[in-house]
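The values are calculated or read from the model by the stated rules, or taken from the named source; none is laboratory data. Only a predicted model underlies this, so the values are computations on that prediction, with no experimental measurement involved. Here the Cβ is made from the backbone with ideal geometry for all residues, glycine too, and neighbour counts use every protein chain on show. Heavy atoms of the whole protein, side chains included, go into the accessibility calculation; ligands, DNA and RNA do not. Shrake-Rupley method; radii C 1.70, N 1.55, O 1.52, S 1.80 Å.
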Amino acid sequence: MISSLHRPTLAKVDLSAISSNIKEVQNHIPQDVKTLAVVKANAYGHGAVAVANHVQDLVDGFCVSNIDEGIELRQAGLRKPILILGVVLPDEVSLARDNRLTLTIASLDWLEMAQEQQIALDGLLVHLAVDSGMGRIGVRSLSEANELIAGLRQAGSQVEGIFTHFATADEADDRKFQEQLAFFKELVADLDYCPELVHASNSATSLWHSEGIFTAVRLGIVIYGLNPSGQELALPYTVKPALSLDTALVHVKKIPVGADVGYGATYTSSQEEWIGTLPMGYADGWTRDMQGFDVLIDGQRCPIVGRVSMDQITVRLPKSYPLGTKVTLIGQNGNQSISATDLATYRGTINYEVLCLLSDRVPREYK
Ligand SMILES: *Cc1c(COP(=O)(O)O)cnc(C)c1O
């Protein structure tokens with residue numbers, strides 16, 4: 001989708017907030033722990049190249065989800081290590097090697113497939129994934145880990161890391177977390193060959209479970225200034241949201257009592273009302289279930305009335321405002337503010353999804 005520049009709908013990304021959030025986490029974890037900044041999914045909607053460029057000197061490497069996201073960073077000139085967190089099938093190995101991307105290897109089956117296809121694995125940088133209870137990817141036993149590491153090393157790959165991922169590090173109940181941690185610790189302790197980088201910590205682990213920090217951390221949502229638990233657990237220190245989202249009124253009118261607004265005529269005015277229209281909609285990531293939530297205008301909360309359309313949203317105003325009046329969807333406006341977590345709570349989802357769904361149609365402006 002083309003980025004729509006000639007429209008007042010704009011996401012502003014404060015890159016200095018991201019670097020100060022990284023420093024804040026680093027100040028709260030042991031100094032010798034390496035930092036991998038997770039910039040997958042276009043840096044959670046903030047812009048992967050811009051974020052990576054800005055923070056590269058603060059971190060030891062980056063994590064992305066697939067090979068294309070890694071190549072995007074290499075083509076932008078980034079030179080730090082880049083770990084692909086998802087599984088890349090063996091037929092793409094040469095692309096990874098040519099771009100010095102580190103692959104996650106998650107099963108013996110993968111190694112066997114690569115060998116059957118006679119794919120050269122020498123010089124390939126790899127981390128081993130351990131499934132300690134997340135149930136997505138990774139080896140599930142010590143014997144498979146040992147066999148896989150030995151096979152990869154024999155094939156000439158550099159096994160630089162081993163990692164696991166927690167399913168519940170962002171929840172108050174830590175029983176599942178402790179089970180996963182115990183499994184991973186024991187497996188790592190018993191390895192025939194232990195890689196240099198051992199990592200299990202996502203943002204939530206770095207914030208609330210220092211016992212889950214090994215020699216590196218993978219920091220995602222916290223560097224963008226949001227709480228991984230939503231509203232469940234309090235942050236132990238402050239981080240600053242990096243993204244705000246604004247638009248402007250492009251149409252304002254007074255409607256009489258009993259007038260309908262939007263598709264399906266789901267809203268009918270109960271008195272004379274001022275209605276404003278905003279140039280954005282669900283194609284920008286402002287999903288239809290935002291009907292009934294608020295936007296901020298002139299420091300006041302104004303409800304979204306009627307259905308959210310693909311490209312337009314209607315809001316109820318307390319009075320008439322001039323065309324071009326600023327409307328804040330995420331961020332501060334006067335004394336009011338709306339966070340991605342507030343939106344997520346209203347929508348019954350998580351702040352991660354709110355940010356990732358902001359589409360390419362919304363331009364990102366950096367400061
Ligand atoms: C996305 C992801 C992370 C980062 O998670 P946050 O909760 O955003 O910190 C870390 N590790 C893996 C394997 C991931 O997929």
Among the residues of the stretch 166-201, write down those that are under 19 Å from LEU36 (Cα atoms) and crowded, with 23+ Cβ neighbours inside 10 Å. PHE166, ALA169, HIS199, ALA200, SER201
Any residue at all in the stretch 320-331 that's within 21 Å of the chain's Cα centre (by Cα), open to solvent by 70 Å² or more (accessible area, probe 1.4 Å) and under 30 Å from VAL38 (Cβ atoms)? no
Of everything in the stretch 186-231 that's among the polar types (S, T, N, Q) and outside any loop (DSSP other than H, G, I, E, B), which residue is farthest from the chain's Cα centre (by Cα)? SER210
Restrict the check to the stretch 241-250 and report whether at least one residue is of a type in the set (A, V, I, L, M), open to solvent by 60 Å² or more (accessible area, probe 1.4 Å) and away from the ligand (no atom under 11 Å from the Cβ). yes
For the stretch 315-327, state whether one or more residues are more than 16 Å from the ligand (Cβ to nearest atom), in a helix (DSSP H, G or I), over 26 Å from ILE2 (Cβ atoms) and in contact (Cβ under 8 Å) with a residue 24 or more places away in the chain. no
Restricting attention to the stretch 180-238, and to residues there that are among the hydroxyl-bearing types (Ser, Thr, Tyr) and more than 13 Å from the ligand (Cβ to nearest atom), which single residue is farthest from ASP342 (Cα to Cα)? TYR193
Please enumerate the residues belonging to the stretch 107-150 that are surrounded by fewer than 18 Cβ atoms within 10 Å (Cβ to Cβ) and part of a helix (DSSP H, G or I). LEU108, ASP109, GLU112, MET113, GLN115, GLU116, LEU142, SER143, ASN146, GLU147, ALA150
Taking the residues in the stretch 28-69 that are more than 14 Å from THR104 (Cα to Cα) and touching a Gly at 6+ places or on another chain (Cβ under 6 Å) as candidates, determine which candidate is surrounded by the fewest Cβ atoms within 10 Å (Cβ to Cβ). VAL38
Considering every residue within the stretch 166-185, establish whether at least one is in a loop (DSSP other than H, G, I, E, B), without any contact (Cβ under 8 Å) to a residue 24 or more places away in the chain and farther than 20 Å from LEU83 by Cα. yes
Please specify each residue of the stretch 122-153 satisfying the condition of being farther than 22 Å from LYS176 by Cα and either basic (Lys, Arg) or touching a residue at least 40 places away in the same chain (Cβ under 8 Å) (or both). LEU125, HIS127, ASN146, LEU148, ILE149, ALA150, GLY151, LEU152, ARG153
Residue tally, condition more than 16 Å from the ligand (Cβ to nearest atom) and touching a Ser or Thr at 6+ places or on another chain (Cβ under 7 Å), over the stretch 348-361: 2
Just one of ILE313, ILE304, ILE275, ILE297 is in contact with a Phe, Trp or Tyr (Cβ under 6 Å, 6 or more places away or on another chain) and open to solvent by less than 30 Å² (accessible area, probe 1.4 Å); which is it? ILE304
